[in-house]
1. Name the single residue, out of those in region 118-130 being without any contact (Cβ under 8 Å) to a residue 60 or more places away in the chain and out of contact with any Lys or Arg (no Cβ under 6 Å at 6 or more places or on another chain), that is most open to solvent (accessible area, probe 1.4 Å).
2. Hey, among the residues in region 15-37 that are over 22 Å from Ala128 (Cβ atoms) and more than 20 Å from the chain's Cα centre (by Cα), which one's most open to solvent (accessible area, probe 1.4 Å)?
3. Going through region 196-205 one residue at a time, which ones are modelled with pLDDT under 80 and surrounded by 14 or more Cβ atoms within 10 Å (Cβ to Cβ)?
4. What are the residues in region 131-142 that are over 14 Å from the mean Cα position of the chain (by Cα) and either open to solvent by 60 Å² or more (accessible area, probe 1.4 Å) or in contact (Cβ under 8 Å) with a residue 12 or more places away in the chain (or both), if any?
5. Can you name the number of the only condition in (1) assigned to a loop (DSSP other than H, G, I, E, B); (2) in contact with a helix residue (DSSP H, G or I) (Cβ under 9 Å, 6 or more places away or on another chain); (3) acidic (Asp, Glu) that Asp34 fails?
6. Is it true that Glu148 is touching a Leu at 6+ places or on another chain (Cβ under 8 Å), open to solvent by 70 Å² or more (accessible area, probe 1.4 Å) and modelled with pLDDT under 90?
7. Among the residues of region 137-152, is there at least one that is within 27 Å of Asp34 (Cα to Cα) and either out of contact with any Ser or Thr (no Cβ under 7 Å at 6 or more places or on another chain) or not in a strand (DSSP E or B) (or both)?
Amino acid sequence: FEIEATKQKTVIDVKEFEEDVLLDLTASMENRDDFGHVMKIEQKKLVLGMLYHLMRLNAALNDSRTRSNLRTPVQIKSEIFGIRGTGDEKGIWSLLKTSKETITEQLLVNLADELDKTTAGQGDALSALKAYRAGISPETQKKLQSGELIKILTIYSDGMVYCLACGREDHDYQVDVEILALIKQEVTALREMGVVVQGIGFTKKAEAIKAICADPQ
């Protein structure tokens, strides 16, 4: 006689994840908060800590014991943008890490050195956000809309933004009505594409981060 038996196997169905960051590397991040913490150092700890945990998670997900339960290999990616000043000129942005670069200990060491460098001048979050949005391909947009990909962007800053009216960033954020409106438009456009946008502000001066990242929903 024959006995039919069904062997059950657990299969983990997974999505793609991207954890992206927009950093403030202008000179105002050299300031200290009310507790004596240097803001650029606190930012550095947050970002490197996040990347280190993503590196460890990637290693665990691609371990042979885990891969056997996955339909497809998983690699959590991260893209890092930095905003710096240029003296009296409008600030510039730079891509410090592409999403294609694998997170390694050497990359963390190199990035740690980069995060120690700040530059005096105006920060230009608007241009950085425009470049970030432009870098999202139609294929990625489809994945975002279908739910196949979860993409998160975290904006770090002490709240100072470049003012189109006077070319400075050392006055109250409420004066920068025009630039704040344009930045919020970019955040709204990203959210409509399916990107999760959140902000982390340093000190009480970071009111602009609240205004920029506020979600009306």
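The values are calculated or read from the model by the stated rules, or taken from the named source; none is laboratory data. Values in this document were obtained by computation on a predicted structure and should not be read as measured data. Cβ placement follows ideal geometry from the backbone for every residue including glycine, while neighbour counts extend to all protein chains displayed. All accessible areas refer to the heavy atoms of the entire protein, side chains included, with ligands and DNA or RNA removed. Shrake-Rupley method; radii C 1.70, N 1.55, O 1.52, S 1.80 Å.
1. Taking region 118-130 and keeping what is without any contact (Cβ under 8 Å) to a residue 60 or more places away in the chain, we get 124, 127, 130.
Filter once more, keeping what is out of contact with any Lys or Arg (no Cβ under 6 Å at 6 or more places or on another chain): 127, 130.
On the way: Ser127: 37, Lys130: 105 Å².
Across region 118-130, the extreme among qualifying residues is Lys130.
2. So the first thing to find is which residues in region 15-37 are over 22 Å from Ala128 (Cβ atoms), and the list is 15-16, 32-37.
From the residues that got through so far, the ones that are more than 20 Å from the chain's Cα centre (by Cα) too are 32-37.
Numbers: Arg32: 157, Asp33: 42, Asp34: 131, Phe35: 172, Gly36: 34, His37: 81 Å².
That would be Phe35.
3. The initial filter retains those residues of region 196-205 that are modelled with pLDDT under 80, namely 204-205.
Result: Lys205, single match.
4. To start, the set of residues in region 131-142 that are over 14 Å from the mean Cα position of the chain (by Cα) comprises 134, 137-142.
Of everything in region 131-142, those that are over 14 Å from the mean Cα position of the chain (by Cα) and either open to solvent by 60 Å² or more (accessible area, probe 1.4 Å) or in contact (Cβ under 8 Å) with a residue 12 or more places away in the chain (or both) turn out to be Ala134, Pro138, Glu139, Gln141, Lys142.
5. (2)
6. Values: touching a Leu at 6+ places or on another chain (Cβ under 8 Å): no; open to solvent by 70 Å² or more (accessible area, probe 1.4 Å): yes; modelled with pLDDT under 90: yes.
Considered against the rule, which asks whether it is touching a Leu at 6+ places or on another chain (Cβ under 8 Å), open to solvent by 70 Å² or more (accessible area, probe 1.4 Å) and modelled with pLDDT under 90, Glu148 comes out as no.
7. Just the residues of region 137-152 that are within 27 Å of Asp34 (Cα to Cα), to begin with: none.
The answer is no; no qualifying residue exists.
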